[in-house]
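Shown next, in structure tokens, is the structure this report addresses.
The values are calculated or read from the model by the stated rules, or taken from the named source; none is laboratory data. Here the structure is a predicted model, which is why all the values come from computation and not from measurement. FYI the Cβ positions are ideal-geometry reconstructions off the backbone, even for glycines, and counts take in every protein chain you see. Remember, those area values only see protein heavy atoms, side chains included, never the ligands or the DNA or RNA. Shrake-Rupley method; radii C 1.70, N 1.55, O 1.52, S 1.80 Å.
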Protein chains: 2
Amino acid sequence: MRIGVVAPSTPVDRAVAEQVAALAAEAFPGTQIVFHPQCFESWRHFAGEDSVRAEAFLAVANDPRFDALWFARGGYGSCRIAEDVLSRLGPAAREKSYLGYSDAGYLLAGLYGAGFAKVAHGPMPQDVKREGGEAAVHRSLSWLVDRSTGALEPSVEENTRHAAFNITVFSQLLGTPLQPDLTGHVLMLEEVSEHTYRTDRSMFHITSNPAIRRVAGIRLGRCSLVPENDPDFGETEEEVVRHWCERSGIPWLGAADIGHDAHNKVVPFG
Amino acid sequence: MRIGVVAPSTPVDRAVAEQVAALAAEAFPGTQIVFHPQCFESWRHFAGEDSVRAEAFLAVANDPRFDALWFARGGYGSCRIAEDVLSRLGPAAREKSYLGYSDAGYLLAGLYGAGFAKVAHGPMPQDVKREGGEAAVHRSLSWLVDRSTGALEPSVEENTRHAAFNITVFSQLLGTPLQPDLTGHVLMLEEVSEHTYRTDRSMFHITSNPAIRRVAGIRLGRCSLVPENDPDFGETEEEVVRHWCERSGIPWLGAADIGHDAHNKVVPFG
């Protein structure tokens, strides 16, 4: 098993790479984790210029010697390479697993929409820095290496289709070629560091999209680090999401065990 | 001439109403400005509950005794009443002028998309509180009352179609039934209080929409009160917009004289 790590958004420290490689060597012998050197590059807001990040993604995705492409971390930047990357993926790219969340959602959406079968939302190498983060990284590896069912978000069912996204990222890809057909899917959402009025606005946007109204239902993961609203918004994030589900006729299905934290579980798409 | 003012987003002070009414009485005798009492209501983040704001909007829009509906101010909230309001507009609503900007963009977009002919982006009563704000209010009144060409954004041409929006608001209505067909239109954009990386993300979103790629071109108004980016984004807002125009093949047309300030000019849609 050979896992390539690339960073389409922001850079990671070499210490993260070493820690994750050590963890993998101990817990998953025979598994090799290769951090593409691009992960450590830095250009303005990003882990290298757009072309550098795109080439690194393509180098791993199109290389049949890699079994999986693991997103190094979130931040911002993957939307800037999505159109270029998705137009240049070859046959080897279709065989691979892809795992990440947060800003990686743009590419996960585009890959899933293009018919890639092994796309999943879950912890990334950078999560090792969180409190309890080693468990998060172990969880992702256990899905990548063994397809461990213990890694899965507990409501994930065999005969149901699923997808999971950060609310802002998902909102910002609606109406673009990256928007996948999620008809009949359970849509899991999570958020971090957004004012409640912004989440309300994003949920208007998401639930007003005619194609999104065809999902099987919405589950809400954790919404963390919410800045104080002035005036107080008067509703929790769950109330906001339930409100927009009710208005739009989308079934509200309850909580999802995902979020920007070490407890974030794996949600395979489809 | 009778102008009804409603507040689909956040409330205004009575002092604003008095100041605007006094200004109108002096500069535009014979023009009556009626602030609907809803403008002064307050409920959580909003100028009254959703149903209260929707009913006030409909009361003015559907009343043939009003010649114009003027949005009191921006903030957040008009997206929450848009679907309800747009489904209940009668024949009298089609004859009216509609003027506002910022959060009002959701309703301006929906009205224009529904074929309303007198929709415009421009200053609102609350702008009277800005430094030099009386000139902004006078400008809007001169357009509402006299269709003064002196009120218009200077690049507006007789034989070209135009539309103008706040970048975040426009991004957050893409892919919903509020998205108007802007094929062949000059699209003017402006922003306030958003980090540059967020503007970059919104411009990805806007310029990746296949229907938006059919606009005649983009002009950028002022982007004010930009919070500091960490790390520095390395591009100005104009560079961001030019970058996405270039990538998407949308013509970059230069600056627009619009923004969240007293100099904001009027842009009639269509």
**Asked** Restricting attention to segment A:154-205, and to residues there that are among the aromatic types (Phe, Trp, Tyr) and within 12 Å of chain B (Cβ to nearest Cβ), which single residue is most open to solvent (accessible area, probe 1.4 Å)?
**Response** A:Tyr197
**Filtered residue count, segment A:203-252, keeping only those that are at positive phi and assigned to a helix (DSSP H, G or I)** = 0
**Item:** Condition broken by B:Tyr106, with the remaining ones in (1) farther than 23 Å from B:Leu174 by Cβ; (2) within 14 Å of chain A (Cβ to nearest Cβ); (3) in contact (Cβ under 8 Å) with a residue 60 or more places away in the chain satisfied
**Value:** (1)
**Request:** May I ask you to list the residues in segment B:18-44 that are in contact with a Pro (Cβ under 8 Å, 6 or more places away or on another chain), surrounded by fewer than 22 Cβ atoms within 10 Å (Cβ to Cβ) and of a type outside the set (Phe, Trp, Tyr)?
**Result:** B:Glu41, B:Ser42, B:Arg44
**Item:** Condition broken by B:Tyr112, with the remaining ones in (1) open to solvent by 10 Å² or more (accessible area, probe 1.4 Å); (2) within 14 Å of chain A (Cβ to nearest Cβ) satisfied
**Value:** (2)
**Request:** Report, by residue number, each residue of segment B:206-220 that is more than 11 Å from chain A (Cβ to nearest Cβ), open to solvent by less than 10 Å² (accessible area, probe 1.4 Å) and within 15 Å of B:Glu239 (Cβ to Cβ).
**Result:** B:Ile218
**Candidate set from segment A:74-103 (those that are within 13 Å of another protein chain (Cβ to nearest Cβ) and acidic (Asp, Glu)); member that is least open to solvent (accessible area, probe 1.4 Å)** = A:Asp103
